[in-house]
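Participant: Here it is, the structure in full.
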Amino acid sequence: MTTNPILTDRQDAVGIIILNRPEEKNTFNVEFAQALNSELNNFDQDDSIRTVVIKAAGRHFSTGIALDQFENKNHKQYRELIRLMDSHNHTIARMKKPVVAMVQGYAVANGAGLVFASDMAVAAESAKFGTTAINVGLICLGPAVPLSRLTSRKKVLEMVLTGDIITAAEALELGLINKVVPDEELETATMRLACKLASKSPLALQIGKQGIYAMDEMPYHRALDHLGELFASLCSTEDAKEGLEAFAQRRDPEWKGR
């Protein structure tokens with residue numbers, strides 16, 4: 001019987017993606033990568049979902065790409081494989097909805113890249129991170145791209161070229177994750193953050209995420225102008241009017257996504 005490599009669940013307006021290859025430490029293979037990308041897109045297109053959480057079955061978040069995926073391929077096949085293994089990095093950045101990683105155990109190589117690509121991340125105190133492919137003669141260049149948006153070039157080079165493992169506390173200090181919690185509080189803390197995000201205006205979340213990603217590629221003054229334009233477009237929406245009225249009337253807003 002074949003086990004689905006990716007499972008989904010939902011809790012109110014939070015969509016939950018579960019990495020489901022626990023016996024293989026949630027390593028990526030072709031089926032796993034395709035299903036992960038598909039479910040990210042499915043939740044992004046589901047109007048009833050406002051936030052997405054990525055969690056893992058078993059002890060570890062993900063220990064990267066399964067080594068058997070690198071066997072007996074030519075250059076074109078390797079390029080197609082790597083493009084697929086990197087696809088979630090593109091998808092998450094383009095999604096309208098925030099994605100939160102919930103990390104336990106090891107998140108290394110492509111597993112670390114998935115955490116770095118997520119918009120936010122909560123980690124258990126015992127979690128470990130590393131761009132470790134160099135230790136088997138490969139190199140974590142896909143994960144290096146989101147990593148480079150979070151920390152300095154010197155630290156990216158150190159992590160990618162040494163393959164050293166760092167603790168959750170070190171990852172927090174470097175700005176690679178948002179919060180470290182006791183292991184037994186990981187799920188509660190992650191869902192608390194996800195539900196907080198889901199309670200916000202979906203249009204405001206979308207425009208905020210879009211603007212913050214866009215400004216990475218822009219000069220300072222152009223970024224200010226572009227984000228100002230996005231803000232102005234938000235101000236004229238029904239949700240903006242509803243949010244201001246609800247605040248003035250001291251009641252919870254009812255978001256329409258318009």
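The values are calculated or read from the model by the stated rules, or taken from the named source; none is laboratory data. For clarity, every value in this text was computed on a predicted model and none was experimentally measured. Counting neighbours? That spans all protein chains shown, and the Cβs are built from the backbone with ideal geometry, glycine included.
Residue by residue, here is whether (1) within 20 Å of M120 (Cα to Cα); (2) in contact (Cβ under 8 Å) with a residue 60 or more places away in the chain; (3) among the aliphatic types (A, V, I, L, M); (4) surrounded by fewer than 18 Cβ atoms within 10 Å (Cβ to Cβ) holds:
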position	(1), (2), (3), (4)
L7	no, no, yes, yes
I16	yes, no, yes, no
E23	no, no, no, yes
N41	yes, no, no, yes
K55	yes, yes, no, no
F61	yes, yes, no, no
R79	no, no, no, yes
I82	no, yes, yes, yes
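Participant: Restricting to region 103-161, give me the number of residues that are part of a strand (DSSP E or B) and either of a type outside the set (A, V, I, L, M) or not assigned by TED's automatic domain parsing to the domain that holds I65 (or both).
Facilitator: In the first step, residues of region 103-161 are kept if they are part of a strand (DSSP E or B); the result is 103, 106-108, 120-124, 128-130.
Subsequent filtering for residues that are either of a type outside the set (A, V, I, L, M) or not assigned by TED's automatic domain parsing to the domain that holds I65 (or both) retains 106, 128-130.
The qualifying residues number 4.
Participant: While we're on this one: Out of A121, A112, A127, A107, I need the residue that is at negative phi, touching a His at 6+ places or on another chain (Cβ under 8 Å), in contact (Cβ under 8 Å) with a residue 12 or more places away in the chain and aliphatic (A, V, I, L, M). Which one? Before the answer, list the steps.
Facilitator: Details: A121 fails: touching a His at 6+ places or on another chain (Cβ under 8 Å); A112 fails: touching a His at 6+ places or on another chain (Cβ under 8 Å); A127 fails: touching a His at 6+ places or on another chain (Cβ under 8 Å).
Testing whether each residue is at negative phi, touching a His at 6+ places or on another chain (Cβ under 8 Å), in contact (Cβ under 8 Å) with a residue 12 or more places away in the chain and aliphatic (A, V, I, L, M) leaves just A107.
Participant: Take I16 and tell me if it is closer than 13 Å to S62 by Cβ and β-branched (V, I, T). Talk me through it step by step, then tell me what you get.
Facilitator: Working: closer than 13 Å to S62 by Cβ: no; β-branched (V, I, T): yes.
For I16, the condition - closer than 13 Å to S62 by Cβ and β-branched (V, I, T) - is not met.
Participant: Determine, yes or no, whether R50 is basic (K, R), over 13 Å from the mean Cα position of the chain (by Cα) and closer than 14 Å to G15 by Cα.
Facilitator: yes
Participant: Testing N72 on (1) modelled with pLDDT of 95 or more; (2) on the phi > 0 side of the Ramachandran plot, one condition comes back false. Which one is that?
Facilitator: So N72 meets the others, but not (1).
Participant: From the list Q69, Q77, which one is touching a strand residue (DSSP E or B) at 6+ places or on another chain (Cβ under 8 Å), in a helix (DSSP H, G or I) and not aromatic (F, W, Y)? Before the answer, list the steps.
Facilitator: Values: Q77 fails: touching a strand residue (DSSP E or B) at 6+ places or on another chain (Cβ under 8 Å).
Sole residue among the options that is touching a strand residue (DSSP E or B) at 6+ places or on another chain (Cβ under 8 Å), in a helix (DSSP H, G or I) and not aromatic (F, W, Y): Q69.
Participant: Among the residues of region 170-179 satisfying the criterion of being in a helix (DSSP H, G or I) and in contact with a strand residue (DSSP E or B) (Cβ under 6 Å, 6 or more places away or on another chain), which is farthest from N135 (Cα to Cα)? Show your work before the answer.
Facilitator: Taking region 170-179 first, the residues in a helix (DSSP H, G or I) are 170-173.
From what is left, the residues that are in contact with a strand residue (DSSP E or B) (Cβ under 6 Å, 6 or more places away or on another chain) are 171-172.
Values: A171: 20, L172: 24 Å.
It comes out as L172.
Participant: Could I ask something else about it? Could you list, in sequence order, the residues of region 80-102 that are in contact with a Gly (Cβ under 9 Å, 6 or more places away or on another chain) and either in a strand (DSSP E or B) or among the aliphatic types (A, V, I, L, M) (or both)?
Facilitator: Within region 80-102, I82, M85 qualify.
Participant: When you check S236 against the structure, is it surrounded by 18 or more Cβ atoms within 10 Å (Cβ to Cβ) and either more than 22 Å from the chain's Cα centre (by Cα) or farther than 29 Å from G64 by Cβ (or both), yes or no?
Facilitator: Working: surrounded by 18 or more Cβ atoms within 10 Å (Cβ to Cβ): no; either more than 22 Å from the chain's Cα centre (by Cα) or farther than 29 Å from G64 by Cβ (or both): yes.
Judged against the criteria, S236 is not a match.
Participant: In the list D12, D68, which residue meets the criterion of being charged (D, E, K, R) and within 23 Å of D119 (Cβ to Cβ)?
Facilitator: From the options D12, D68, the qualifying one is D12.
Participant: Do we find a residue being at pLDDT 85 or above, touching a Ser or Thr at 6+ places or on another chain (Cβ under 6 Å) and under 19 Å from I49 (Cα atoms) anywhere in region 222-242?
Facilitator: yes
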